[in-house]
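Below: the structure, in structure tokens.
The values are calculated or read from the model by the stated rules, or taken from the named source; none is laboratory data. Computed from a prediction, not measured in an experiment: that's the story for all the values here. No Cβ is skipped: glycine too gets one built from the backbone with ideal geometry, and neighbour counts run over all protein chains shown. Keep in mind that these areas ignore ligands, DNA and RNA; they rest on the heavy atoms of the full protein, side chains included. Shrake-Rupley method; radii C 1.70, N 1.55, O 1.52, S 1.80 Å.
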Amino acid sequence: MTQHHSSLPNLSSAIATAGSSRRGFLRGAMLGGALLSSSTLLDACGGGGSGSATGSVAFGMNEAAGSGPAYDRLKAMADAYAKKSGVSVKTNAVDHNTFQDNINTYLQGSPDDVFTWFAGYRMDQFAQQGLITDVSDLWPIDGMSDSFKAAATASDGKQYFVPKDYYPWAVFYKKSVFQKFGYAPPTTEADFTSLMKQMQTDGLVPFAFADKDGWPAMGTFDILNMRINGYDYHISLMAGEKDWDSTEVKTVFDAWRGLLPYHQPDALGRTWQEAATSLGKEECGMYLLGTFVVDGIPDMEDDLDFFTFPELDSSIGADALDAPIDGFCLAAAGQNQTGGKEMLKYLGTAAAAEAANAKATPFIAANSNADTSGYSALQKKSVEVVSAATHIAQFMDRDTRADFASTVMIPSLQQFLNSPDDIDGITSSIQKQKVSIFGS
Amino acid sequence: MTSTTSTTEARTSSRATRRGSRRRLPWRDRVVISVMVVIPTLFVVCLVWVPAMLSVVLSFSNWNGIGSVDSIQWIGWKNYDDITTIYPPFWPAIKHNLIWLGFLFFGPTLLGMLLAVVLDRKMVGSRFYQTAFYMPVVLSLALVGFIWQLFYSRDQGLLNQVLNTQIDWYGDSSVNLWAVLVATAWRHTGYIMLIYLAGLKGIDTSLREAAAVDGANERQSFFHVVFPLMRPINMIVIVIVVIESLRAFDLVWIVNRGTNGLEIIAALVSQNVVGQASRYGFGSALAVIMMLISSVFITIYLRVVFKEERR
């Protein structure tokens with residue numbers, strides 16, 4: 001869910017065939033069309049900032065108009081702010097992947113004042129490059145815990161982000177299956193191991209597992225690293241401050257190798273939706289994924305429940321988890337800084353979250369004062385679990401450099417799943433590439 | 001005799017006057033011709049040559065696209081050095097592109113040509129077969145990827161259900177390249193078939209009849225009469241195969257974005273440049289390598305064409 005497909009490849013294929021045949025001509029014509037539409041898209045990205053300095057705020061959203069509940073909620077928030085403050089809000093709705101893929105160009109051009117973004121290193125990078133504005137005077141925000149504040153803080157110690165919603169990663173299971181076999185959610189490593197062994201005896205594959213898209217395995221690495229080496233180590237490793245060929249990292253891979261026999265084999269050809277289906281079909285007992293696992297098996301939502309990944313080292317505990325937070329930033333190149341900040345202030349309130357949730361299937365609001373009566377059982381439990389966590393990580397591809405995550409970690413983790421015995425080779429390859437990318 | 005000479009003379013003289021009139025009205029034609037030459041040249045220079053040269057320049061840099069041009073760090077050959085030494089997907093990608101080229105040529109291309117020859121003979125239902133074979137070409141590659149996913153899925157796919165196996169067609173890095181190549185072939189065969197069929201239709205039937213009268217059998221008349229006449233089409237087919245295998249991209253991108261056994265150069269370029277990775281320097285270096293490989297084939301092709309023209 002954190003990484004998405006891009007639509008750009010079609011362009012290059014059109015360029016390559018154009019001219020070789022009549023079909024090539026047609027493709028060339030399509031290419032022309034694609035270029036035209038991409039230029040209108042750039043207009044759409046950049047057009048927002050030119051509004052007058054008073055009375056109007058430009059709001060960039062990473063959901064296309066009419067694309068579903070995510071868009072409806074953002075729109076509702078914008079409308080509610082316009083209604084409350086009397087300020088006109090100019091919305092600019094761009095498709096999710098397109099928005100993400102063009103973010104560098106967008107922020108350096110004439111961006112909207114307020115735009116949707118992610119917490120963590122991806123926000124920190126923009127803060128370091130001066131592309132987003134310091135909003136630390138908005139903090140503390142009433143209803144947001146310290147862990148949210150930490151997630152909104154860049155490496156200079158200031159806040160650059162206002163959280164909107166989040167979803168935790170946890171171990172999902174079917175209540176009916178746990179009831180049928182008399183399983184209980186494990187809290188210690190011993191319980192955990194015996195549960196997995198029992199599942200195998202009962203003919204279940206303990207863990208559903210998929211990594212065709214490259215990013216789901218990051219969730220497994222993250223949680224093992226946080227359980228074995230702790231949250232602080234995880235964050236500095238992601239920030240490039242630690243070595244990937246260290247004993248600590250090798251221990252994580254080694255623990256993972258030990259768990260692989262309890263995972264579905266051949267994960268590299270399976271999508272997370274297919275893995276969710278095997279959980280639904282009761283071929284597998286558990287599945288470590290974000291709460292979006294429900295989207296894979298929507299008709300089983302009532303039967304789903306989850307627990308946080310158990311403790312593996314009692315000195316580290318189990319108080320950290322991945323819970324990617326979505327929210328808003330203020331673009332430094334935005335025209336209306338004061339107006340934008342005012343709007344950000346509103347977007348962080350419980351009222352804004354309620355306005356969003358009143359109109360569509362609710363998200364889990366980052367602001368704990370927001371009304372939770374519309375939440376599903378899974379969402380209510382997510383709130384409990386995340387409030388109980390002392391540390392919230394953002395998921396590997398948000399906690400580290402985007403280029404490192406996509407061009408080094410995706411292939412490397414897949415390589416590990418292909419040959420789990422080559423831990424030394426894989427970690428030293430990651431380390432060499434990490435030095436080349438991070439420069440140290 | 002006299003009448004034919006006079007018509008030939010008339011023809012030559014009329015050609016001469018036409019040539020003369022062009023000489024007499026040069027400004028108009030010259031403007032038209034120069035506009036027709038200059039505009040496409042400008043497009044080619046601005047959209048192809050300048051970006052290509054800039055890619056070469058950028059390939060010696062480290063730049064994430066943020067900040068002005070002076071924020072670019074110049075790092076010499078480091079990107080190339082990294083690519084060939086510490087970037088694991090690179091060598092597999094080169095290998096896969098070559099496999100792709102070989103497979104596309106010896107598999108679907110020859111099959112497409114064979115199908116064209118068979119369907120060119122007026123057999124019952126040949127139109128139906130033509131449509132059936134050409135159908136995959138009409139589908140977008142996104143759809144092709146999806147259709148084959150239905151066959152190849154490990155847990156829910158048709159292939160494993162029918163064969164009663166548990167092969168991970170798209171995920172097992174030792175088979176997935178071949179699985180994707182079969183999907184590509186499904187589409188490529190129809191494409192080549194249509195081009196070749198169009199060429200065959202253009203061959204004068206009297207030549208074949210003459211060959212038949214001279215006692216040539218079906219195979220001899222194809223290899224000694226039709227095939228040599230098809231030279232321009234054959235050349236186009238070869239160029240298409242080379243281009244298709246170098247630009248191979250869409251399907252692997254749909255399957256797994258060019259990772260885990262499906263590394264190919266075009267996908268590596270995109271992984272590094274498109275989207276948020278923004279390793280412009282590194283990605284450009286990969287693109288330059290791809291450009292160099294393509295230019296080898298282009299040079300060979302151009303030499304063949306020019307040799308042909310000189311004859």
Looking at A:333, A:276, A:318, can you tell me which residue is aliphatic (A, V, I, L, M) and in a helix (DSSP H, G or I)? A:276
Please work out which residue is farthest from the other protein chains (Cβ to nearest Cβ), limiting yourself to segment B:242-271 and to residues that are farther than 23 Å from residue B:82 by Cβ and open to solvent by 20 Å² or more (accessible area, probe 1.4 Å). B:242
Might you let me know whether segment B:116-126 holds any residue that is closer than 19 Å to residue B:195 by Cβ and within 21 Å of the chain's Cα centre (by Cα)? yes
Residue by residue through segment A:262-287, note down the ones that are of a type outside the set (S, T, N, Q), facing chain B (nearest Cβ under 10 Å), in contact (Cβ under 8 Å) with a residue 12 or more places away in the chain and over 24 Å from residue A:415 (Cα atoms). A:283
So is residue A:163 open to solvent by 40 Å² or more (accessible area, probe 1.4 Å), within 30 Å of residue A:367 (Cβ to Cβ) and in contact with a strand residue (DSSP E or B) (Cβ under 7 Å, 6 or more places away or on another chain) or not? no
Identify the residue in segment A:416-430 that is within 10 Å of chain B (Cβ to nearest Cβ) and buried (at least 21 other Cβ atoms within 10 Å of the Cβ) and, among all such residues, is nearest to residue B:256 (Cα to Cα). A:417
Residue check, residue B:239 against (1) buried (at least 20 other Cβ atoms within 10 Å of the Cβ); (2) within 9 Å of chain A (Cβ to nearest Cβ); (3) modelled with pLDDT under 85, all met but one. Which one? (1)
Any residue that is at pLDDT 90 or above, open to solvent by 40 Å² or more (accessible area, probe 1.4 Å) and not hydrophobic (A, V, I, L, M, F, W, C) - is there at least one of those in segment B:93-114? yes
Note on segment B:131-142: residues more than 12 Å from chain A (Cβ to nearest Cβ) and either among the basic types (Lys, Arg) or surrounded by fewer than 18 Cβ atoms within 10 Å (Cβ to Cβ) (or both) are B:131, B:132, B:135, B:139
Just the residues that are under 24 Å from residue B:99 (Cα atoms) and among the β-branched types (Val, Ile, Thr), please, taken from segment B:149-199. B:167, B:175, B:180, B:182, B:184, B:189, B:192, B:195
So residue A:348 passes all but one of these: (1) under 21 Å from residue A:154 (Cα atoms); (2) small (Gly, Ala, Ser); (3) open to solvent by 20 Å² or more (accessible area, probe 1.4 Å). Which condition number does it fail? (3)
Count, please, the residues in segment B:143-174 that happen to be of a type outside the set (Asp, Glu), within 11 Å of another protein chain (Cβ to nearest Cβ) and free of Cβ contacts under 8 Å to residues at least 12 places away in the same chain. 2
Let me spell it out: the conditions are (1) open to solvent by 50 Å² or more (accessible area, probe 1.4 Å); (2) in contact with a strand residue (DSSP E or B) (Cβ under 6 Å, 6 or more places away or on another chain), and residue A:279 meets all of them except one. Which number is the exception? (1)
Odd one out for residue A:67 among (1) at pLDDT below 90; (2) farther than 30 Å from residue A:306 by Cα; (3) part of a loop (DSSP other than H, G, I, E, B): (2)
List, please: which pairs have Cβ atoms under 7 Å, are six or more places apart or on different chains, and start with a residue in segment A:352-369 that is free of Cβ contacts under 8 Å to residues at least 24 places away in the same chain and end with one that is of a type outside the set (Asp, Glu) and crowded, with 24+ Cβ neighbours inside 10 Å? A:354/A:370
Check whether at least one residue in segment A:360-368 is part of a helix (DSSP H, G or I) and of a type outside the set (A, V, I, L, M), and report yes or no. no
Some residue of segment B:78-90 being open to solvent by 50 Å² or more (accessible area, probe 1.4 Å), within 30 Å of residue A:108 (Cα to Cα), at pLDDT 85 or above and of a type outside the set (A, V, I, L, M): yes
One residue from B:179, B:211 being closer than 26 Å to residue B:237 by Cβ, open to solvent by less than 60 Å² (accessible area, probe 1.4 Å) and away from every other protein chain (no Cβ under 14 Å): B:211
Name the residue, out of B:220, B:276, that is without any contact (Cβ under 8 Å) to a residue 40 or more places away in the chain and assigned to a helix (DSSP H, G or I). B:220
Note on segment B:58-77: residues open to solvent by less than 30 Å² (accessible area, probe 1.4 Å), part of a loop (DSSP other than H, G, I, E, B) and in contact with a strand residue (DSSP E or B) (Cβ under 6 Å, 6 or more places away or on another chain) are B:72
When segment A:71-108 is examined, which residues are found to be buried (at least 21 other Cβ atoms within 10 Å of the Cβ), closer than 20 Å to residue A:350 by Cβ and either within 14 Å of chain B (Cβ to nearest Cβ) or charged (D, E, K, R) (or both)? A:73, A:75
Inside segment B:197-235, can you point out the residues that are closer than 13 Å to residue B:116 by Cβ and under 15 Å from the mean Cα position of the chain (by Cα)? B:233, B:234
Residue A:170 fails exactly one of (1) closer than 19 Å to residue A:288 by Cβ; (2) more than 22 Å from the chain's Cα centre (by Cα); (3) of a type in the set (Gly, Ala, Ser), namely (2)
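To keep it simple, each residue is scored yes or no on (1) open to solvent by 10 Å² or more (accessible area, probe 1.4 Å); (2) without any contact (Cβ under 8 Å) to a residue 24 or more places away in the chain.
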site	(1), (2)
A:175	yes, no
A:184	yes, yes
A:192	no, no
A:217	no, no
A:226	no, no
A:234	no, no
Residues satisfying the stated conditions in segment A:61-70, i.e. buried (at least 20 other Cβ atoms within 10 Å of the Cβ) and either farther than 18 Å from residue A:88 by Cα or out of contact with any strand residue (DSSP E or B) (no Cβ under 9 Å at 6 or more places or on another chain) (or both): A:62, A:63, A:70
In segment A:109-143, anything surrounded by fewer than 21 Cβ atoms within 10 Å (Cβ to Cβ) and among the aliphatic types (A, V, I, L, M) is listed as A:138
